[in-house]
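Below: one structure, written as structure tokens.
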Amino acid sequence: MQNFIFNNVPQMLILGTTATLAAGARTLQAKTPAKPNIVVILADDLATNELGCYGGQNIPTPNIDRIAGEGVRFTHNFASCAMSVPIRASLYTGLYPVRHGSFRNHKNSFPDIQSITTWLPAAGYRVGRTGKRHTQPHRVYDFEEVPGFETDCVYPSANYTTAGIKEFITNSDQPCCLFVCSTNPHVPWTEGDRSKIDVDKIILPPNLVDNPETRRLYRDFLAEVGALDEQVGAVLKTLEETGQLDRTLVMFLGEQGPQFPFGKWTCYNFGQHSALVARYPEKIKAGTVTDAIVQYEDVLPTLLELAGGASVDGIDGRSYLPVLFDGKREHRQWAYGIHNNIPEGTSYPIRSIQDKRYKLIINLTPEVPYFEKHMMNVNDTEQVWASWMESAGTGSVARETVNRFTTRPAIEFYDLETDPWELTNLAGDRLHAKRIAEMKTELEKWMQQQDDRGAELDKP
């Protein structure tokens, strides 16, 4: 196996082998006379730490918490890419970003791949989507588009109705799979009731600069998280009113982290750690919590196995239905991450690998500063960066935070058990040298398997 060097960081060129699911078709239909409906509710740039069921204290999220309380909560679900287009393509195809083609934001997927809109209809399901779309081309992501939820994630309002959901589910002689794709809490943060949130009492994430502007914008973000929770409640109410709630697998996913530094557009935990809660009382015991590692690529094979469809050879995801229904304790050893910064800013490719405790981040071009054009626009009053730069001019803590975000070493290594906000880089600690080397080798193997050419992929 030949080693290559991209900007002083060892990387592996690829052989292109593929992960496969267990061979053979699984036919659950013979065991269950009626297949359940499936409703997947997807947030847009959510901070998992702000949900009550994940320990959030700033705002109530009773509807999302209800799903967790009446079902299962996953503590180790990770987005392989903290950007909407890549991670949604992974959700729908079961492939990691390099293999489905949308390995940069707003990049179309390869036209010759297939998605859930092919596989679930083959298992007898109607597959619909309401709300945010984003994935292209249409021939790959051929959803039945259901009216009701806002499709434009940057539109200043997110008005919605569940009438289309009700019609889609009740006027069908087939089981249904519906993706409800909210645009909350994506910027601009204009939805929700801000009056109930006291900016002085907000508990800010410790990786953010604490100044009045950050608190104001974080309040607006929190209000929109509240609006998201209300949408979830409306979907649950619609399912109850139609008598479908208890015969529907309801899954809520948080997508990636929010548009704050160290969140979206990074490989940090604030960006990659994602909510996953699910409710289906016939199969899931209420109040279940699992620490099994799963990723978005695993959703498609999970839903396909539930639907009784044939397994799909050659995809990266693996069904976690045994975790969901049968209490299996483990699923993956590693969760992988990828970030290519173009077109969201200047080139800054990143790769990551983690288990339940430790996180390794490789910055492939550490000699250049990180820059993201939306989040770090000093002329945009709806972003925190201008205030952070001002605070950095007078305060050492703010200056250290800004420098840590813009100037990164080749290798970052964190103990997430003792340092969940990744404030202390342990890459230089000799006690972790062996573990870092082992994880780096595993990351390079994954890149090779994915045909990931590292820094070469982060070019216009």
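A few notes on this one:
- Taking each residue as 0.36 nm, the span from R194 to R357 lengthens on full extension beyond its C-alpha to C-alpha distance by 55.1 nm.
- Rg/Rh (Cα only; Kirkwood hydrodynamic radius) as it applies to the stretch 186-251: 1.16
- For the stretch 153-196, backbone nitrogen atoms closer than 17 Å to the point 7 Å from E240 Cα along Cα-to-C-beta are found at 162-163, 166.
- DSSP-defined beta bridges in the chain - what % are antiparallel, rounded to 5: 55 percent
- Estimated vicinal HN-Hα couplings, Hz - the stretch 188-204 in sequence order (Karplus 6.51, -1.76, 1.60; Gly, Pro = x): x, 8, 10, 9, x, 9, 6, 5, 8, 10, 8, 4, 6, 9, 5, 8, 6
- Computed per residue of the chain from DSSP H runs no shorter than four, each worth -39500 (n - 2.57), the mean residue ellipticity at 222 nm is -8000 deg cm²/dmol.
- Tensor-based shape of the stretch 232-335 (alpha-carbon gyration tensor, a/c under 1.5 rounded, otherwise prolate or oblate): oblate
- The peptide list 91-101, 70-80, put in order of mean Cβ contacts within 10 Å with the highest first, becomes 91-101, 70-80.
- Simple spin-label estimate for M389 and A433 gives 4.1 nm between the two label positions (7 Å along the Cα-to-Cβ direction from each Cα).
- Of the peptides 36-45, 144-153, the order by per-residue mean of other Cβ atoms within 10 Å, starting with the highest, comes out as 36-45, 144-153.
- Under the membrane-span-like helix rule (DSSP H runs whose alpha carbons stretch at least 18 Å along the helix axis, mean Kyte-Doolittle hydropathy -1.0 or higher), the chain yields 212-241.
- Dimensions (Å) - the stretch 76-178, Cα atoms, principal axes, largest first: 38, 38, 31
- Accessible surface area normalised per residue over the stretch 125-274 is 36 Å², counting heavy atoms of protein chains with a 1.4 Å rolling probe.
The values are calculated or read from the model by the stated rules, or taken from the named source; none is laboratory data. A quick note: this is a predicted structure, and the numbers were derived from the prediction, not measured. Please note: Cβ atoms are built from the backbone with ideal geometry, for glycine as well, and neighbour counts cover all protein chains shown. Ligands, DNA and RNA are stripped out before the accessible areas are found, and what is left, the full protein with its side chains, is counted by its heavy atoms. Shrake-Rupley method; radii C 1.70, N 1.55, O 1.52, S 1.80 Å.
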